[in-house]
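Engineer: What follows is a single structure, and I will ask about it in a moment.
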Amino acid sequence: MSTPLFITASRIFDGEQFLTDTGLIVEEGKVTTLLPATERPAGCRLLILDDATVVPGFVDLQVNGGGGVLFNNAPTLDGVRTICNTHARFGTTSLMVTLITDTADVRGQAIEAAAEAAAQGLPGYLGLHFEGPHLSLARKGTHDPTLVRPMTGEDLAALVACGRRIGHAMTTVAPENVTPAQVRALVDAGFRVSLGHTDCRAADVGAYVEAGASLVTHLFNAMSQLGNREPGLVGAALSEGAFHCGLIADGFHVDPVTMGVALRAKRGPGRIFLVTDAMSSIGSDETGFELNGRRVYRRDGRLTLADGTLAGADIDMLASVRRAHRMLDLPLEEALRMASAYPAEAIGAVSKGRLVPGCDADFIVLSPDLDLRSTWIDGECVYDPTAAGSTR
């Protein structure tokens, strides 16, 4: 057994509140105790973080790439590892690697890579998110229209077969191309089903909620909007308490005023949580990349196709938290929950997103200015910008 680690800092955020004069004990990769800093048990290693703040590691349910690697272009274990290691540099300790609409062959490769990552317990890997190909052509966004299609029996069988092998499993679908019965089969196989890339009416949504759909993918983007006579998926997402809704807070995908309105309007218990929708550009100096044979351009914080269509996002989770806190004037506690506790709840990852006894010891250390000082997964430091080679 390893020696317990006793951590003290200026503040510790446990997922609900900031604690001062508190020590955090980590043992065997888990949080075991929070107690007054003056009550350090004998035999513990001591980590004193002075003016720093310790917060739960971020949980990102929509990560397409990072470190110059796009999962669609590298659906391998090495690809998953590079993506996880890259996002650890920005505070993300658990992520769902995301496969955008592609061929059945690429889907098969992605499933095997994800299954291997899950079997190995790859640090940072949470699960696999299939975003498409069973979407609406009318709201396809950057997804290749030649690959968008209805879900067939073969498609359903391939997903059902992998649902228990790949860690947490999630898929984004559109009611136009997936039936409630197919959604129920996916949920029964262990999937979290998210609605997105759809032009559906609000009245269409109820049957999918009843079948088990429980999330909405990147709220406002690539979906029917809230109107005065037709609420669309946006209206259904905000009014239906069962839905947890991802939100891209880069300032390009959704206007800050709209984000604020949505946060005030969302009916619980479902929450709005942050996703990055990050592409391969994060943690790299690349100026563009290929997606399904098309060029994506990186300019001024945006990723677009040649026609200007947004193609994912060029933002990391720590930057998303800062923007939510400062741009939307959210309390820091709420911005942090949106990046940790809320997405963990949305996907049923009960050991993630909080620093309370029994949870995984996944946390990050922040400076008073919210700069990243280090990232820890399972109680081990995996990234320290002052130490070379600290990421696994």
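The values are calculated or read from the model by the stated rules, or taken from the named source; none is laboratory data. All values derive from a computational prediction rather than experimental measurement. With ideal geometry, Cβ positions are generated from the backbone for all residues, glycine too; neighbour counts draw on all protein chains shown. When the accessible area is computed, the model is the full protein with side chains, heavy atoms only, and any ligands, DNA or RNA have been set aside. Shrake-Rupley method; radii C 1.70, N 1.55, O 1.52, S 1.80 Å.
Engineer: List every residue pair whose Cβ atoms lie under 8 Å apart, where the two residues are 6 or more positions apart in sequence or sit on different chains, the first residue falls within the range 169-196 and is without any contact (Cβ under 8 Å) to a residue 24 or more places away in the chain and more than 20 Å from ALA349 (Cα to Cα), and the second residue, located anywhere, is buried (at least 23 other Cβ atoms within 10 Å of the Cβ) and acidic (Asp, Glu).
Structural biologist: none
Engineer: It is to be established whether one or more residues within the range 27-38 are more than 16 Å from ALA339 (Cβ to Cβ) and crowded, with 24+ Cβ neighbours inside 10 Å. Can you show your working first?
Structural biologist: Here is the first cut: in the range 27-38, the ones more than 16 Å from ALA339 (Cβ to Cβ) are 27-38.
Pick out the ones that are also crowded, with 24+ Cβ neighbours inside 10 Å and you get 31.
For the range 27-38, residues more than 16 Å from ALA339 (Cβ to Cβ) and crowded, with 24+ Cβ neighbours inside 10 Å: present.
Engineer: Which of the following residues is over 29 Å from GLY190 (Cβ atoms), under 20 Å from the mean Cα position of the chain (by Cα) and not in a helix (DSSP H, G or I): VAL55, VAL59, VAL97, VAL26?
Structural biologist: Exactly one residue qualifies, and that residue is VAL55.
Residues checked against (1) at positive phi; (2) surrounded by fewer than 24 Cβ atoms within 10 Å (Cβ to Cβ):
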{"residue": "GLN62", "(1), (2)": "no, no"}
{"residue": "ARG81", "(1), (2)": "no, yes"}
{"residue": "LEU95", "(1), (2)": "no, no"}
{"residue": "GLY121", "(1), (2)": "yes, yes"}
{"residue": "GLY124", "(1), (2)": "yes, no"}
{"residue": "GLY132", "(1), (2)": "yes, no"}
{"residue": "SER136", "(1), (2)": "no, yes"}
{"residue": "GLY153", "(1), (2)": "no, yes"}
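Engineer: Here's something else I'd like to know. Kindly indicate the residue of the range 365-392 that is in contact with a strand residue (DSSP E or B) (Cβ under 7 Å, 6 or more places away or on another chain) and among the polar types (S, T, N, Q) and also modelled with the lowest pLDDT among those meeting that condition.
Structural biologist: THR391
Engineer: To continue, here is another question. So, restricting to helices (runs of 4 or more DSSP H) that lie completely within the range 153-247, which ones have at least 1 residues that are among the basic types (Lys, Arg) and under 30 Å from ALA119 (Cβ atoms)? Write out each step before concluding.
Structural biologist: Numbers: elements: 153-162, 180-188, 202-211, 232-239.
The helices (runs of 4 or more DSSP H) meeting that bar are 180-188.
Engineer: Test of understanding: among ARG354, ARG322, which residue is open to solvent by 10 Å² or more (accessible area, probe 1.4 Å) and in contact with a Gly (Cβ under 6 Å, 6 or more places away or on another chain)?
Structural biologist: It is ARG354.
Engineer: Next question. Looking at the structure I just gave you, is GLY246 under 20 Å from ARG337 (Cβ atoms) and modelled with pLDDT of 95 or more?
Structural biologist: Yes; evaluated as a whole, the condition is true for this residue.
Engineer: Okay, moving on. Considering every residue within the range 166-181, establish whether at least one is over 21 Å from HIS143 (Cβ atoms), modelled with pLDDT of 95 or more and in contact with a Pro (Cβ under 7 Å, 6 or more places away or on another chain).
Structural biologist: Looking for residues that are over 21 Å from HIS143 (Cβ atoms), modelled with pLDDT of 95 or more and in contact with a Pro (Cβ under 7 Å, 6 or more places away or on another chain), one finds none in the range 166-181, hence no.
Engineer: Looking at ILE111, is it closer than 16 Å to LEU70 by Cβ, among the β-branched types (Val, Ile, Thr) and either over 14 Å from the mean Cα position of the chain (by Cα) or modelled with pLDDT under 95 (or both)?
Structural biologist: Answer is no for this residue.
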